[in-house]
Every structure is written in structure tokens, then in C-alpha cells.
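Asker: This is the structure I have questions about; it appears just below.
What follows is calculated from the coordinates using simple rules that are stated; it is not laboratory data. None of these values were measured; they are calculated from a predicted model. Using ideal geometry, Cβ is built from the backbone for each residue, glycine included, and neighbour counts are taken over all protein chains shown.
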Amino acid sequence: MATLQVDIFCKVIDHLGDIGVCLRLARSLERRTGWRMRIFCDRPDQATRLADSQGDVVPWHPWPDEHAQLESFPEVILCAFGCELPQGIRQQLAARNSDPKRNHSLWMHLDYLSAENWVGDFHGRKSHKVDGLVQLFCFPGFGADSGGLPGDPPIMAPLAAAQPAALHVFAYVYEHAPIQAWLSALAMPLVLRTPAAIAKRCINSSATIEVLATCSQLQWDKTMLGCALLFVRGEDSWVQAMRSGIPWLWQPYPQDPETLSVKLKALLERMAPVLKDHQAWPCWRACLLAWGLGDPPPAALLQLSKHMTSWQIMAEAWASHCNSLPRLDERLCHMVDMHHQQPSAYN
Amino acid sequence: MKIAQEIRTGNVIMMGKDPMVVLRAEYNKSGRNAAVVKMKLKNLLNNSGTETVFKADEKMEVLVLEKKEVTYSYFADPMYVFMDTEYNQFEVEADSMGDALNYLDDGMPCEVIFYNGRAISVELPTGLVREVEYTEPAVRGDTSGKVMKPARVKPTGFEVQVPAFVEIGDKIEIDTRTGEYRNRVK
């Protein structure tokens, strides 16, 4: 069985979402395959905030200088979300992979999750570079021909014996999201768990606000999973919400409206076959579209909030579907195995 | 150097030591305003084909090749024949036509690209006007242009997504780089 060294390279752009995905992926791969994982990040000071001192063994490393070379060269290099390798490491990779006497390292690109159909056609293709290097592209997705779904099926806390008087809402949204209007439209007592920056925008709502302190990713997951309604954003929190069985609304990363619409509709087309027999599906669909586009809350939101049990049943059905899909870590492992032509101990 | 999203059908890029003509380029937005491009390529040295992907901002070495303005003349299987203003004819293999086949029309202006004296591909204008051959009836009142529907254009039957207000017989301008509707032409 191959015990490989796998290095992930990731940069912090504006939020911690990208490194959040990388940390979760590295943790899962390390646990399931025994691979030796490292994550190189340009902001290790921020990245280490996500790590859990109890549950994480993946070491963080600072981004190498532009002309530095790695002392221990990995069998697999994964560049996350479009980041480029430092020049020195790229030259090191090129020298290694042009030498027929040496084992060639696999260089991979990990792209963003999308529900669109083109993902399956792009996934697994090689990218031939100007300097002769070849990079293998991985496109996570929902289809059988994609790179699989990121994240892990979460470990759910048992339900409380009695339902709380107020709805516990988790909100992790981008700056422009009309969160206060949507909370008001729920028209019920709320306890809002949210970071400080978002809490400031909700002070005029009637919700009881619990400000979330900076915490590890695992602690963040626990907080999210203890709520009854999730407003999530980006990729990492969205995937965990989908896998949880808790009702959720998703805000994609801010882009032009046409692109947002395309991505939202692709997701809804994936969800429709699973949820079409649920009477409340049109309401959830309308809310997903409106929230994703940054629109005011539709009347459907009030209808859904009055029937949280129906919403939860739909969320559980979708979670069951998502948790049955091929996983990203599994697909990556398979791609690595194909390159090295020997199996890993994936379990 | 160009970046991947600037590459068009008919361009020739270097992949290692091999000149590759671009037969098709498909552009998609992935996430966080990033984009990726899939290209169908043909090796000019050995005629082998491949499909490869790039990040949209990846730099590519594009060969500057000789081009000639021509118009489309006729098809003589397996070659498409083009003619310049002096009635010189140039033949391009059907396999090398790529996306140009979607828009082919008698007298269509384009450029033939040469490599080592051989016509290897055609480059289209960035926009072409085509008449709608068939589409579902227009929806009254929807002038927003946000609701799209498929439409087939003459003479090739190529399918384009058009706004709901477009009707059969309308002339529309298509962006040949992406296959997308630009506007209705009066």
C-alpha cells in the first residue's frame, strides 16, 4: 500500500473558505489513507485558527519564497482554487518529471464545487502547460462523472427532547446579504448565532443574538449543527449544511447576476428530482433562488417557517442524497492511484 | 503571449514542442469569478487530436501565423474550400474546421490560417449575423432578455440560446467565440 506525501498549496483571497475546504480535505485524506499531508498557505496565522488542537494532525507551513525549493518533495502536489506554485518549486517539479529515472510527481488542480453539467466533461482532464508540465484537473460536483462532493457526512447531535421556544438560526453570510429582512420575515422568536460582523447588521431585528467567537473548524461545525435553520455561504459551510439534514439557504460567492443565476439554477435542477414529490419543494426552491440572488424574502419563506417539519424532511432527503454521492476525497484518491498505479489504503 | 480565455478557434498554440491548432474552445465560470477553458486541439505535426483544460488566465504561447482574408466557397468532401479576391482557392480539412462549421454560409468572410505554407484552419469574425430558422413563439410582455430559449439559425441549424422575445425570421448577432447571443439586428 502506498504511503504518499501529499502537499496542498492554498492562498487566502478574502475569506477563509478556501483554506477551510483544504483543511477538511487534508484531514479526511490523512484519516482515510494514511497519506502524509502538508498544507502550504500564505497566511498560516489565519489558517491555524481553523485547526483543532485535539482533532487535527495536518501541519501548516508558510508559503515558500518564490525561488525556494522543497527539501522533501511530495509524490502529489495539489494546487487549490487556481493558486500558482512558487517558481522554484515549479522548476523543481519540472526537473523531477522530465527525468525518466525518477518517479514523477502528480501535479493536480482542485477547482470550486459547481452543480453545472459542464463540470463532468472538464473533470479528470490534463492541462498541458507551455513549459511541458502536465497538471491534472479535478472538478468537484454532484454528477457521477465529476470529482465528487467535498466534505464529510457530519456527526449529528441527538435532537433535544423538547423543541426550544425560539428557532435557533445560524447565519454565515456575505456583506451584502439582506439577512435582517429575511430574519424579520420568519415572523417568530429567533436565537441568532453569527459572527460579530454579521451580528452588527442584525441589531434592529427582534432576534436574540449570540455572537460567535473565533473558533476551530470542528467547533464551528458543532455550532452550526446545533441550529435548526442555516444561512450559509461559499463552499465549505454550504456543503456541510447540505450534508447535515438541517434546513438551509445558500448564498454563492458574489459574482455578476447572470453567473449567479446560472449556478443557482443548476443546483435547483439537481435538487428537483430528489424533492419533486415534496409538497413544500416549490417554496424552498423560491427561497433558495431569492436568497441566492440577494432579493427580498418571498412569501414562500413565511409558509416554510410555519412548516419547519416539512422543510426538515426535505433537508434530510437532500442530505441523504448528497451523502450517497461519490466523495471528493475518494475521487482524488482514485486519481492518485491511477497515476501511481498502485492502490492506497482508502477506507 | 495570450491568456487562455483569449484563445479562439483557429489559433495555433504551442504545447511543449508541438504546434496545436485550436478546433474548439469552451469557456465556463467556475467559482469566485474564476474561469476555465477546455480546448479541442489538433497536432499540426502528426494530426493527432486531444482535449485539454486550462485556467482562463493561464498564459499561452500563440504562434503568429500568416493569415489571408477569404470567403467560403463550397464543400468538396473532405475539404472546405475558400477563395480570396483573386479567385485563388484554399482548402481546409473538415477535421480542422472546428466551431466554424456552426456558422458556415456561402460567401461567409473569414481568414484562412497557414502553417508552413499549408492552410490549417479558419478564423471567424468575432460576431456574425444569422437568421433564426426556428424557435418557440415569442412570449408577450417579456422584454427583459433574462428568460432564454433555444433557437436554430440558418443555414447550419446551429442552436443558440436567445431571449424569449426573439422570433422566427429575426436576424441575430452571435459571438462566435462563445456561441452566445449578442443582440437582435434590424
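Asker: Counting helices only, and only those DSSP H runs with n ≥ 4, report the 222 nm mean residue ellipticity of chain A as the sum of -39,500 (n - 2.57) divided by its residues, in deg cm²/dmol to the nearest 500.
Answerer: Numbers: 13 runs with 138 residues, N = 347.
Helices in chain A give a 222 nm mean residue ellipticity of -12000 deg cm²/dmol.
Asker: Relative to the compact globular guide of 2.2 N^0.38 Å, what is the alpha carbon radius of gyration of the range B:66-123, as a ratio? Let's see the in-between values first.
Answerer: Values: Rg = 10.0 Å, N = 58, 2.2 N^0.38 = 10.3 Å.
Working it through for the range B:66-123, the quotient is 0.97.
Asker: If amide H atoms are built 1.01 Å from N in the plane of the peptide, which residues on other chains or at least 5 residues away come under 5 Å of the amide H of A:Arg327?
Answerer: Sorted by chain and number, the residues that satisfy this are A:Leu149.
Asker: Give the shape of the range A:278-330 as rounded, prolate or oblate, defined through the alpha-carbon gyration tensor: a ≥ b ≥ c are the square roots of its eigenvalues, a/c under 1.5 means rounded, and otherwise the shape is prolate if a/b is larger than b/c and oblate if not. Spell out each step's value before the answer.
Answerer: Values: a/c = 3.43, a/b = 1.62, b/c = 2.12.
It is oblate, given that a/c is not under 1.5 and a/b is not larger than b/c.
Asker: Can I ask one more? What is the Cα centroid distance between the range A:198-242 and the range B:102-138, reported in whole angstrom?
Answerer: 52
Asker: 7 Å from Cα along Cα→Cβ at both A:His339 and B:Asn33: what's the point-to-point distance in nm?
Answerer: In this crude spin-label approximation the distance works out to 3.0 nm.
Asker: Now, a different point. Can you tell me which aspartates and glutamates have their Cα less than 12 Å from the Cα of A:Lys129? Leave out same-chain residues fewer than eight positions away.
Answerer: Correct list for A:Lys129: B:Asp18, B:Glu58, B:Glu61.
Asker: Estimate the FRET efficiency between A:Asp295 and A:His67 by the formula 1/(1 + (r/R0)^6), using the beta-carbon distance for r and 45 Å for R0, to the nearest 0.05.
Answerer: Given R0 = 45 Å and the Cβ-Cβ separation, E is 0.35.
Asker: Run the reach check for A:Lys306 against lysines, Cα to Cα strictly under 24 Å, same-chain hits fewer than 8 apart removed. What comes back?
Answerer: Qualifying lysines at Cα under 24 Å: A:Lys276.
Asker: Another one. Suppose we keep just the DSSP beta bridges with both residues in chain A; what percent of those would be antiparallel, to 5?
Answerer: Details: 3 of 41 bridges.
Given both bridge residues lie in chain A, the antiparallel proportion sits at roughly 5 percent.
Asker: Sticking with this one: Between A:Lys101 and A:Gln54, with labels modelled 7 Å along Cα→Cβ, what's the label distance in nm to one decimal, could you check?
Answerer: Computed distance between label sites A:Lys101 and A:Gln54 equals 5.2 nm.
Asker: Using modelled amide H (1.01 Å from N, peptide plane; none on Pro or chain starts), what sits under 5 Å from the amide H of A:Phe231, excluding residues fewer than 5 places away?
Answerer: Long-range HN contacts for A:Phe231: A:Phe170, A:Ala171, A:Tyr172, A:Leu249.
Asker: What does the charge count near B:Ala100 come to, summing +1 for each Lys or Arg and -1 for each Asp or Glu among other residues with Cβ under 11 Å from its Cβ? It would help to have the intermediate numbers written out before the result.
Answerer: Numbers: positive: B:Arg8, B:Arg24; negative: B:Asp99, B:Asp105, B:Glu111, B:Glu123.
Here the count lands on -2.
Asker: Counting pairs of alpha carbon atoms under 8 Å apart in space and at least six apart in sequence, what relative contact order in percent does chain A give?
Answerer: Numbers: 644 pairs, mean separation 59.9, N = 347.
For chain A, the relative contact order is 17 percent.
Asker: For chain B, state the semi-axes of the equivalent ellipsoid (square roots of 5 times the eigenvalues of the alpha-carbon gyration tensor), sorted largest first and rounded to whole angstrom. Walk me through the numbers on the way to the answer.
Answerer: On the way: eigenvalues 181, 102, 30 Å².
Three semi-axes, in Å: 30, 23, 12.
Asker: Given the options A:Leu302, A:Thr3, A:Val211, identify the residue whose Cα lies farthest towards the positive end of the charge dipole of the protein assembly as shown (+1 on Cβ of Lys, Arg; -1 on Cβ of Asp, Glu).
Answerer: Of the candidates, A:Val211 comes out farthest on the positive side.
Asker: Moving on. Give the calculated FRET efficiency between A:Met188 and A:Asp42 to the nearest 0.05, with a Förster radius of 51 Å applied to their Cβ-Cβ distance. If you can, show how the numbers build up before the last one.
Answerer: On the way: r = 43 Å, r/R0 = 0.85.
About 0.75, to the nearest 0.05.
Asker: Taking the Cα atoms of the protein assembly as shown, what is the range of coordinates along each of the three principal axes, in descending order and whole Å?
Answerer: Result for the protein assembly as shown: principal-axis Cα extents of 86, 68, 36 Å.
Asker: Output the relative contact order of the range B:1-94, whole-number percent, from Cα pairs under 8 angstrom with separation of 6+ residues.
Answerer: Details: 180 pairs, mean separation 22.0, N = 94.
With pairs under 8 Å counted, the relative contact order is 23 percent.
Asker: Still on this model: Quick one: if you stick a label point 7 Å off each Cα along the C-beta vector at B:Val62 and B:Thr50, how many nm between them?
Answerer: About 2.1 nm separates the two model spin labels.
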